[in-house]
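Inspection log for the structure reproduced underneath, given as structure tokens.
Every number here is computed from the coordinates shown, using simple stated rules; none is lab data. Model, not experiment: these values are computed from the prediction. For neighbour counting, all protein chains shown are included, and Cβ atoms are generated from backbone atoms with ideal geometry for every residue, glycine included.
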Amino acid sequence: MLNLAALSLVAVTTSCAGSSHQAFPEVICGTRISPDLMRRLVAARDDFHELNRVDRSEAISAPCALLSGKDPVVKLHFWWADGPVNLRYMAEETGPVSGVTNAREIDFEYKAVVGTDGAVAAARCKSKAGDHFALTLQLPQIKLTDQTHRKDIEKFMRAYFPATVKTLGCK
């Protein structure tokens, strides 16, 4: 009987120790996404929280970031524009909200480029600000020379971008 009680205590302690990291969020910057897709891009961290300046109803370009403590682990920038978006220019821009390293076009229902540390995608979207929408994804924790995440970034964007476009009511 004592061995059973000790075994139960060990099982409880082990399961609690395994949950020391906060679960990955199911909604990021207003878009529902599978936590499994995030898990491939971001190492388990504590204290996930969001800094969101996006106002979808006003269609004003703005950033949204998922942070762990003070460190940004996922940076998204929502862009509304009047006219088509130049993805290559956005990816190659060296600014803090659009640069993506080694961007390559992908075969996708939307215009999109994927790099080693992020991606950019665009779609037609009528709004107060114009007729196009673009989304930039940056992953500041990924080293610029690390090529191993490109497929995971693409998989994330193939799920996240259409879901975001749907939340915007784009057609």
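For LYS126, the amide hydrogen comes within under 5 Å of the amide hydrogens of LYS171, counting only partners 5 or more places away or on other chains and with H modelled in the peptide plane. Across the stretch 54-68, computed HN-Hα scalar couplings (Karplus, 6.51 cos²θ - 1.76 cosθ + 1.60, θ = phi - 60°) run 7, 10, 4, 5, 8, 6, 9, 4, 6, x, 8, 9, 9, 10, 10 Hz from first to last residue, x flagging Gly and Pro.
Between LYS151 and CYS170, the simple label model (points 7 Å from Cα in the Cβ direction) yields a spacing of 2.7 nm. List, in the order given, every pair from LYS111/LYS155; LYS128/LYS166; LYS126/LYS151; LYS70/LYS151 whose Cα-Cα distance in the structure shown is over 19 Å. Pairs exceeding 19 Å: LYS126/LYS151; LYS70/LYS151. Checking every one of the GluC sites (Glu not before Pro) in the stretch 74-171 against DSSP loop status and a limit of 14 other Cβ atoms within 10 Å picks out GLU109.
With 0.36 nm allotted per residue and the present C-alpha distance subtracted, the LEU67-ARG124 stretch has 17.6 nm of extension available.
Here the scattering of the stretch 24-168 is modelled by Debye summation over its C-alpha atoms, one equal scatterer each and no solvent; at q = 0.17 Å⁻¹ the log10 of I(q)/I(0) is -0.90.
Contour minus end-to-end for SER34 and ASP131, with contour as 0.36 nm per residue of separation and end-to-end as the Cα-Cα distance? Gain on stretching SER34 to ASP131: 32.1 nm. In this Cβ point-charge picture (+1 for Lys and Arg, -1 for Asp and Glu), the stretch 44-83 has a dipole of about 80 debye about its Cα centre.
Spin-label model, GLU58/VAL97: points 7 Å from Cα along the beta carbon direction are separated by 1.3 nm.
With both labels modelled 7 Å from their Cα along Cα-to-Cβ, the GLU50 to GLU26 distance reads 1.3 nm. Computed from the C-beta positions of ASP107 and ASP82 and an R0 of 30 Å, the FRET efficiency is 0.65 to the nearest 0.05.
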